[in-house]
Every structure is written in C-alpha cells, then in structure tokens.
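Enquirer: Here's a structure for you.
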Amino acid sequence: MSGQIICGIDLGSRSVKIALMRSGIEDGDFEILRLEKLDTIRFYREYGRKQGEKLAVDFEAMGLPVVDHLVSTGYGRNTLELAGGEAIPELKAHVLGAIYQTGLKDFTLVDLGGQDSKIIQVRNGKMIDFMTNDKCAASSGRYLENMASVLDVPLEELGNYADHPVALNSTCAVFGESELIGKIVEGFPLAELAAGVNATIVKRILPLLRTFTGEVLVFTGGVAHNHAVVKLLEAGSGKKIVVPKEPQYNGAIGCCVEGRKHAFGHAIDVPN
C-alpha cells in the first residue's frame, strides 16, 4: 500500500473513536481506510499500557497496521498522552475534521457527544469563538440514552419522533428522568414523549447559539445521528444544518488531517 498511513484517535469520555487514513502527497489523495469505535474502558484495558508518562497503544492487537503518524485528541488527552504520537487540542481537531468533511470554511460547529457539548464559530477556516460544556450531560448522548431506556425504546428509534413533543422543562438530566416518568403516568403516547425528549435537547442548545452568527450549522457528534434532533434544530434555529458523512468520527478525522500536515509539511486544501 503506497502513501503514508495516518491514525487519528479521539479519546472520548465514553468511547474512543479511531480513524485510519491513507495519504499521498497530492491534496486529492487522502482517503479513509477504516473507522472504529471502542468503549473507553475496554480500550484502556485491552489495548493500552502505561509507558513512562504516556500510553502505548497495541495496534497489532487491535488488528491495525503499523502507522506512519499518530495524532490524538479528546477527553482523555489531558490525562494520558499516547506514546509515539502527538496530541492536539480537542477544538482544533473538530474544526479540522469539519472543514475536511464538509468543504466549508465559514460555519458554526455544534458537537454533541456522549457526555459534553461544544459550539465553535469558524470563519475563513479559523476558530474565532467557542463555548463548551462538560459539567452537565443534559444536552448530550448520555441524556438521550437514559431517556430511551426510560421509554424502553432503542436509541435509533428515538430519532424517528419530532412531531407534537410533550413539554419537558427540567434542565437537569437526572430530574428529567423523573419528569418523563411523570408524563408517562399521565398517559401521553410514546411518539409525543420521544419527541419531547428530542425537543428538550434542542431547547437547551438554541439559547447558546444566539451569540454565534452565520447561516450554516455543521452538526457533529453521536447525537447528530438522531434525525429528529437535526429536524428540530433546523426548525428552531432557522439555519441550514449540515451533517457530515461521519459525524461521530469528526475529531478522529481531524487528527488525521493534522497528521497529514506533519507528514508532508503542508495543510491540505478542503475538497470541493
């Protein structure tokens, strides 16, 4: 296999996302070879070993080839750096990933992950403002998982419901479960309850977006797979929503973009 093999790893609080990309020297010669998601605890337990002050990853045990460049980012980046690679800030990784995946240079990035949320203003390919929240899970994937469990529906099915949402007013993920149970007892139908859960996510994000200008929102993170949240966010914000092909792997892909720059000494142009 010709070219350089670049591995990007996004060390999330709940899952580790891995992107393996092959790159030649030409801008258009850059492709995804493999994407993989692992439970964070399983990743550390089965494939990571402490090596001095860093974490050595057993790529062979994971069935991955030897890589030419390794770049990591994410929730775990500040606790343990990966051996044999470099670490970049999480916001930078997500911006690079979004630019590469969408071809856009002016947008507001909304990333809703498993346990945190990020909003980043990007102008001319540069981050000019941002807001993060990792203190509360109320607008994250964990909230959706908990609520889907209460409703006894698969997480994928939850994303089918956007119409006639039941009003859920609690701003806390924990108290939100009690409120949802109360609505179940009142006899609201499943479709309206599920729509209410999705609408609650959007209701928490919209006030944060008021300070961010622009007509396009790039939506990433695991929550971006929820079609109802995408629909409600577009209606509530009045902005165009762009969901990249691989929203959950955006940070890992951004790490590969950074790794390619180091491999060939220049940044790539965004695709048309």
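The values are calculated or read from the model by the stated rules, or taken from the named source; none is laboratory data. The shown structure was predicted, so the numbers you read here are calculated from the model rather than taken from an experiment. A quick note on method: Cβ atoms are made from the backbone with ideal geometry, for glycine too, and the neighbour counts reach across all protein chains shown.
Enquirer: Can you tell me which residue among 242, 270 is at pLDDT 95 or above and on the phi < 0 side of the Ramachandran plot?
Expert: Matching residue, one of 242, 270: 242.
Enquirer: Ok, one more. Looking only at residues that are modelled with pLDDT of 95 or more and within 18 Å of residue 223 (Cβ to Cβ) in the stretch 160-179, which one is surrounded by the most Cβ atoms within 10 Å (Cβ to Cβ)?
Expert: Going through the qualifying residues, I end up with 161.
Enquirer: Give the stretch 17-37 a look and list any residue that's crowded, with 18+ Cβ neighbours inside 10 Å and without any contact (Cβ under 8 Å) to a residue 40 or more places away in the chain, or say none.
Expert: 22 - this is the single residue of the stretch 17-37 that is crowded, with 18+ Cβ neighbours inside 10 Å and without any contact (Cβ under 8 Å) to a residue 40 or more places away in the chain.
Enquirer: Mind listing just one residue for me: the one in the stretch 204-232 that is among the β-branched types (Val, Ile, Thr) and in contact with a helix residue (DSSP H, G or I) (Cβ under 6 Å, 6 or more places away or on another chain) and, of those, nearest to residue 168 (Cα to Cα)?
Expert: Of everything passing the filter in the stretch 204-232, 229 is nearest to residue 168 (Cα to Cα).
Enquirer: May I pose another question? Please find, within the stretch 47-61, the residue that is farthest from residue 35 (Cα to Cα) out of those that are touching a Phe, Trp or Tyr at 6+ places or on another chain (Cβ under 9 Å) and surrounded by 15 or more Cβ atoms within 10 Å (Cβ to Cβ).
Expert: 55
Enquirer: Which condition breaks for residue 212 when tested against (1) within 14 Å of the chain's Cα centre (by Cα); (2) aromatic (Phe, Trp, Tyr); (3) under 19 Å from residue 105 (Cβ atoms)?
Expert: Single failed check for residue 212: (1).
Enquirer: Being over 25 Å from residue 128 (Cβ atoms) and surrounded by fewer than 23 Cβ atoms within 10 Å (Cβ to Cβ): is that true of residue 75 here?
Expert: no
Enquirer: Still on this structure, I have one more. Identify all residues within the stretch 5-49 that are farther than 19 Å from residue 245 by Cβ and of a type in the set (S, T, N, Q); write none if there are none.
Expert: Residues satisfying the conditions are 13, 40.
Enquirer: Would you please name the residue that is nearest to residue 123 (Cα to Cα), looking only at residues in the stretch 201-213 that are touching a residue at least 60 places away in the same chain (Cβ under 8 Å) and surrounded by 15 or more Cβ atoms within 10 Å (Cβ to Cβ)?
Expert: 212
Enquirer: Counting just the residues of the stretch 90-135 that are within 14 Å of the chain's Cα centre (by Cα) and part of a loop (DSSP other than H, G, I, E, B), which one comes out surrounded by the fewest Cβ atoms within 10 Å (Cβ to Cβ)?
Expert: So the residue we want is 134.
Enquirer: Having 2 or more residues that are basic (Lys, Arg), closer than 23 Å to residue 75 by Cα and in contact with a strand residue (DSSP E or B) (Cβ under 8 Å, 6 or more places away or on another chain) is the bar; report the strands (runs of 3 or more DSSP E) wholly within the stretch 23-64 that clear it.
Expert: On the way: elements: 30-39, 48-51, 54-57.
Because the criterion is at least 2 residues that are basic (Lys, Arg), closer than 23 Å to residue 75 by Cα and in contact with a strand residue (DSSP E or B) (Cβ under 8 Å, 6 or more places away or on another chain), the strands (runs of 3 or more DSSP E) in the stretch 23-64 that meet it are 30-39, 48-51.
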